[in-house]
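The values are calculated or read from the model by the stated rules, or taken from the named source; none is laboratory data. All values derive from a computational prediction rather than experimental measurement. Cβ sites come from the backbone with ideal geometry, for glycine too, and all protein chains shown count toward neighbours. All accessible areas refer to the heavy atoms of the entire protein, side chains included, with ligands and DNA or RNA removed. Shrake-Rupley method; radii C 1.70, N 1.55, O 1.52, S 1.80 Å.
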Amino acid sequence: MTDRPVRTRYAPSPTGNPHVGNIRSALFSWAFARARGGQFVLRIEDTDRNRYVEGAVEAIMESLRWLGIDWDEGPDIGGPHGPYFQSERLPRYREAAELLMERGRAYRCFCTPERLDALRASQAAAKQPPGYDGLCLRIDPAESAARAKDEPHVIRFAMEREGVTVLHDVVRGEVVFENALQDDFVMLKSDGFPTYHLAVVVDDTAMAISHCIRGDEWISSAPKHIQLYEALGWEQPAWAHLPLILGPDHKKLSKRSGDTALLDYRERGYLPEAMLNFLAFLGWSLDDHTTIISAEELTRHFDLARVVPNPAVFDIERLNYLNGHYIRAMDEERWVRLVAEWADRGLPASIPRPLDEAVVRAAAPLLRERVTLLEEIPGLIAFLFTYDAPEYETALLAERVGDAATAVRVLDEALVRLDAIGESEWTTAAVEAALRGLEEPLGMKLRKFIPVLYVAVMGRPTGIPLFDSAAILGRERTLARLRAARARLG
Ligand code: GLU
């Protein structure tokens, strides 16, 4: 490995909302820099103008900020190695390309798209691997310079075709690539924009990046980059290719198995600390037992030496578990704020705003044990904000107890007992005592008949604790809902 001061980067292309796998690369690069007291750079690789998506740069920064990943240099804050948009660095790439041409390691290629298509087709027909055939490599430099004045062209890198290129990867060890299988790739396109290969080498060098930490999908490009470094006479960074992330079926992560934009998880009510904890262990471990880790601990202990090469599995159940864990672990005030926020955005507009703060505060502790995703909050507490119970199918009242006659008995008995509690004695404990007292006369366990009362009060057979809910609703509303349910059953 290198002994240069540690500087890492996250270099996304602004092609949309960054997905979880991509953000995992950012997280590891950041954590490594922080653990080594180094610096972390954000660079926007916007050289593919066809794939540019409006708003993507903001989404990238928003995703990082949500997880608490901060950068020392970047497009918004600048820094000594700017600009941090590749589209603003074009002269640097041209300069490198020209240097390589002078050294005989790059050449202009005037082949038309039609010729390249025909070449590809004939290679496919002959079952040969696709690749440029080197036609323009043989053009005399003076002729090439003259033609460049008015003929469209690209600049290709002349790959070494003999021997092997060896990647020394921190994660994978030594990886050997046959040079005979390499191709003279395009470095500079006809519009003057570089391809990723040239831009990443020029910028990682100019920005003094010590460790290039990126996804495994780039490993096949590594020989191109290594040969570029060698031809330019520049020092390579240490390389770390992070393991693939697979779905639970051990197939490539897809939209269905969780490969969606990071911010979509935020929208569904995942907490940033749960997501960070989850991503941290996709390919890395602290030791053989730790499963809960904070950002602070991660930035103290992260090490590339404990990143494994074999694919990581994206297990949504694990993420859900972590979310529940952090919901239960957070302090009361933050929880109340989150409940208020998610209730406000999720409850129907027919419920007047601002929401009753006392109700939010009373409901918050009841929700803690019941919620996995914050998006579940409004559905669980909507019934507390209306006079009548939420809509439900009458059949739901009888569903869990078996028949309507039993549901009627439950409601009748409950009404008698609850009606006997005075307004001033109406508390969680009193409601609980009254309803537990029904086990005898009904000859049924509470657990068996309580769904009838849940449906009557909340419109659903399960939910947040019923006794507390009745206390929050108050005597009048609770009794009115039970009577309404009874009336529905005739
Ligand atoms: N622009 C590349 C991407 O979007 C960056 C790869 C790298 O980190 O070098 O994935």
What number of residues within region 109-130 are within 11 Å of Arg156 (Cβ to Cβ) and either open to solvent by 50 Å² or more (accessible area, probe 1.4 Å) or within 41 Å of the chain's Cα centre (by Cα) (or both)?
1
Could you please give the count of residues in region 19-28 that are within 10 Å of the ligand (Cβ to nearest atom) and open to solvent by less than 10 Å² (accessible area, probe 1.4 Å)?
1
I'm told Leu396 meets every condition in (1) more than 22 Å from Lys445 (Cα to Cα); (2) open to solvent by 20 Å² or more (accessible area, probe 1.4 Å) except one. Can you identify the failing condition by its number?
(1)
Single unsatisfied condition, Ala106 versus (1) open to solvent by 60 Å² or more (accessible area, probe 1.4 Å); (2) closer than 25 Å to Thr47 by Cβ
(1)
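Can you tell me which residues in region 241-251 are within 16 Å of the ligand (Cβ to nearest atom) and surrounded by fewer than 22 Cβ atoms within 10 Å (Cβ to Cβ)?
Pro243, Leu244
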Kindly indicate whether Arg256 is charged (D, E, K, R), outside any helix (DSSP H, G or I) and open to solvent by less than 20 Å² (accessible area, probe 1.4 Å).
no
Please report, ordered by residue number, the helices (runs of 4 or more DSSP H) entirely within region 323-384 with at least 3 residues that are free of Cβ contacts under 8 Å to residues at least 60 places away in the same chain and closer than 19 Å to Ile472 by Cβ.
332-346, 357-368
Scan region 437-475 residue by residue and report those that are over 46 Å from the mean Cα position of the chain (by Cα) and open to solvent by 20 Å² or more (accessible area, probe 1.4 Å).
Gly437, Glu439, Glu440, Pro441, Gly443, Met444
Which residue pairs have Cβ atoms closer than 6 Å, lie 6 or more positions apart in sequence or on different chains, and pair a first residue in region 192-207 that is among the β-branched types (Val, Ile, Thr) with a second residue that is part of a helix (DSSP H, G or I) and within 12 Å of the ligand (Cβ to nearest atom)?
Val201/His225
Hey, does region 155-169 have a residue that's under 30 Å from Ala305 (Cβ atoms), open to solvent by 90 Å² or more (accessible area, probe 1.4 Å) and within 38 Å of the chain's Cα centre (by Cα)?
yes
Which condition number in (1) open to solvent by 10 Å² or more (accessible area, probe 1.4 Å); (2) within 13 Å of the ligand (Cβ to nearest atom); (3) touching a Lys or Arg at 6+ places or on another chain (Cβ under 8 Å) is the one that Val41 fails?
(1)
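Is it true that Arg89 is more than 27 Å from Leu246 (Cβ to Cβ) and either acidic (Asp, Glu) or open to solvent by 20 Å² or more (accessible area, probe 1.4 Å) (or both)?
For Arg89, the condition - more than 27 Å from Leu246 (Cβ to Cβ) and either acidic (Asp, Glu) or open to solvent by 20 Å² or more (accessible area, probe 1.4 Å) (or both) - is not met.
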Filter region 174-208 down to residues that are more than 16 Å from the ligand (Cβ to nearest atom) and either open to solvent by less than 30 Å² (accessible area, probe 1.4 Å) or among the aromatic types (Phe, Trp, Tyr) (or both), then give me how many there are.
6
Residues (in contact (Cβ under 8 Å) with a residue 24 or more places away in the chain and either charged (D, E, K, R) or within 8 Å of the ligand (Cβ to nearest atom) (or both)) located in region 209-220:
Cys212, Ile213, Arg214, Gly215, Asp216, Glu217
Reported set for region 292-322 where residues are open to solvent by 70 Å² or more (accessible area, probe 1.4 Å) and not in a helix (DSSP H, G or I) is Asn310
Taking the criterion of being among the hydrophobic types (A, V, I, L, M, F, W, C) and closer than 24 Å to Glu296 by Cα, would at least one residue in region 75-95 satisfy it?
yes
Which listed residue, of Ala31, Ala11, Ala35, is modelled with pLDDT of 95 or more, more than 10 Å from the ligand (Cβ to nearest atom) and either polar (S, T, N, Q) or buried (at least 18 other Cβ atoms within 10 Å of the Cβ) (or both)
Ala31
